[in-house]
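Notes to accompany the following structure.
The values are calculated or read from the model by the stated rules, or taken from the named source; none is laboratory data. What you see is a predicted model; the values in this text were computed from it and never measured. What goes into the accessible areas is simple: the full protein's heavy atoms, side chains included, and nothing from ligands, DNA or RNA. Shrake-Rupley method; radii C 1.70, N 1.55, O 1.52, S 1.80 Å.
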Amino acid sequence: VPNSTTSHANVWGVYIDRPVRCSSITVFVVGADNSANTYDIGFYSGTSGSTNNLIAHTGAVAGGTFFGAASAYTTIPFTSTVTLMPGRYYFAIYANVNSSPLTLAGNTAADWEFYHLNGFSITPSSGGLPSTLTGPADAITSSATPHFLLK
């Protein structure tokens, strides 16, 4: 995690089973990035195969600011507070480089999602995730979804 090709993002289909009011996301950094590379982590809401709207994201944040320490938890604020209602979401991570040193903790290909695509093509917006994403058709997959905590 994240992308391995310029102008791409990693996208996972996740399900949230209860309302969550959150203003930030916490992740565990395995491999640090002390550079000026930028990352954007966010959630899209919509339907399979249609337009999905970016409803929560960190905006473009520098690796050295939030991801500079390995083997550590880091909390990144969202651009605004949001309530995620129960349902399906696309969890997306974008980096402005094609071979980012950042690695986040995740299970070893043991998580079940309704969708996963490494290197989903996007047109970055303001150095980060675009405001909309044309969602792919859902299909059950198993992969290593990054661990995250919404706060």
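Can you sort D40, D138 by solvent-accessible area, 1.4 Å probe, largest first?
Descending accessible area places them as D138, D40.
Could you check how much of the accessible area of segment 1-60 is carbon and sulfur, as a whole percent, using a 1.4 Å probe?
Its accessible area is 48 percent carbon and sulfur atoms.
Just subtract the alpha-carbon distance of N34 and K151 from 0.36 nm times their residue separation and send over the number in nm, one decimal.
Length gained between N34 and K151: 39.7 nm.
Quick query: amide H of A56 versus all other amide H atoms, modeled in the peptide plane; which residues come in under 5 Å with a sequence gap of 5 or more or a different chain?
The answer is F43.
³J(HN,Hα) across segment 52-69 via Karplus (A = 6.51, B = -1.76, C = 1.60, θ = phi - 60°), whole Hz, x for Gly/Pro?
Karplus values, whole Hz, x for Gly and Pro: 10, 9, 6, 10, 7, 7, 7, x, 6, 10, 6, x, x, 7, 10, 10, x, 10.
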